[in-house]
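The values are calculated or read from the model by the stated rules, or taken from the named source; none is laboratory data. Note that the structure is a prediction, hence the values are computed from the model and not measured. Cβ placement follows ideal geometry from the backbone for every residue including glycine, while neighbour counts extend to all protein chains displayed.
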Amino acid sequence: MNRRMPRAASAGHTRIVVIGTLLLAIFLSIMPMPAGLLSYRPDWVALCLVYWSLEAPERVGMGTAWITGFAMDVLYGTLLGEQALADSVLAFITSGLRLRVRMFPRWQQALVVFALVGINHLIIQIAQHASGHPGGNWSYWTSDGIGALLWPLVYSVLRHLQRRTAPS
């Protein structure tokens, strides 16, 4: 006899996985690194938001992105709403492109992720410039390329985690 868990239980598992991966991404984003390597750190939160906006848009949308971005603003000590705005726009654009991007092979998705994370960082740079803070140099954009290169791995790990924890 094949028993399936109720839909509510499945939603609960998905919620736990989403929150766990976003918390891990926040941890990876604030973990101390040598100063010379900081420009190579991918935007883990943006990568997770892109994944969940593609795979579970009913769970992760602009609200979740805003809350996550606001938490990053608090942790980084930046202007409140700067990262929140950028992450909300990222989730909005990703959900709009969702059906097209999911059809692409991973290497083409990586190019889209590069553009999405680049837009995210561009919004942050504009907000910093508008508030009178100096902008980053070209090394600031290195993390976008690193994130795009890591996208197939990030996608595979999050997909495996999502499927592994989903009730059967």
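Do we find that residue 161 is under 30 Å from residue 14 (Cβ atoms), touching a residue at least 60 places away in the same chain (Cβ under 8 Å) and more than 14 Å from the chain's Cα centre (by Cα) in this structure?
Numbers: under 30 Å from residue 14 (Cβ atoms): yes; touching a residue at least 60 places away in the same chain (Cβ under 8 Å): yes; more than 14 Å from the chain's Cα centre (by Cα): yes.
Spelling it out, residue 161 is indeed under 30 Å from residue 14 (Cβ atoms), touching a residue at least 60 places away in the same chain (Cβ under 8 Å) and more than 14 Å from the chain's Cα centre (by Cα).
Cβ contacts < 7 Å: first residue within 21 Å of residue 94 (Cβ to Cβ), restricted to segment 118-145; second residue basic (Lys, Arg), any location; separation 6+ or different chain. Result?
Close Cβ pairs (under 7 Å, with a partner that is basic (Lys, Arg)) amount to 143/41.
Tell me, please, whether a residue that is polar (S, T, N, Q), at pLDDT 95 or above and not in a loop (DSSP other than H, G, I, E, B) can be found in segment 143-162.
Of segment 143-162, the ones polar (S, T, N, Q) are 143, 156, 162.
Next, only the ones that are at pLDDT 95 or above stay: 156.
This time we only want the ones that are not in a loop (DSSP other than H, G, I, E, B), so: 156.
Yes, there is a match, as at least one residue in segment 143-162 is polar (S, T, N, Q), at pLDDT 95 or above and not in a loop (DSSP other than H, G, I, E, B).
Could you please find all residues in segment 58-115 being assigned to a helix (DSSP H, G or I), farther than 17 Å from residue 154 by Cβ and of a type in the set (Asp, Glu)?
Across segment 58-115, the qualifying residues are 73, 82.
Taking the criterion of being on the phi < 0 side of the Ramachandran plot, part of a helix (DSSP H, G or I), at pLDDT below 95 and buried (at least 17 other Cβ atoms within 10 Å of the Cβ), would at least one residue in segment 126-139 satisfy it? So that I can check it myself, show each step before the final result.
First, the residues of segment 126-139 that are on the phi < 0 side of the Ramachandran plot: 126-131, 133-139.
Remaining after also requiring part of a helix (DSSP H, G or I): 126-130, 138-139.
From what's left, at pLDDT below 95: 126-130, 138-139.
Add one more test, that the residue is buried (at least 17 other Cβ atoms within 10 Å of the Cβ), and what stays is 127.
Yes.
Look at residue 150 and say whether it is buried (at least 16 other Cβ atoms within 10 Å of the Cβ) and in contact with a Ser or Thr (Cβ under 8 Å, 6 or more places away or on another chain).
On the way: buried (at least 16 other Cβ atoms within 10 Å of the Cβ): yes; in contact with a Ser or Thr (Cβ under 8 Å, 6 or more places away or on another chain): no.
Answer is no for this residue.
Do the conditions hold for residue 98, that is, is it among the basic types (Lys, Arg) and closer than 27 Å to residue 133 by Cβ? It would help to see each step written out before you state the result.
On the way: among the basic types (Lys, Arg): yes; closer than 27 Å to residue 133 by Cβ: no.
For residue 98, the condition - among the basic types (Lys, Arg) and closer than 27 Å to residue 133 by Cβ - is not met.
Can residue 41 be described as within 20 Å of residue 128 (Cα to Cα) and among the basic types (Lys, Arg)?
Working: within 20 Å of residue 128 (Cα to Cα): yes; among the basic types (Lys, Arg): yes.
Yes, satisfied.
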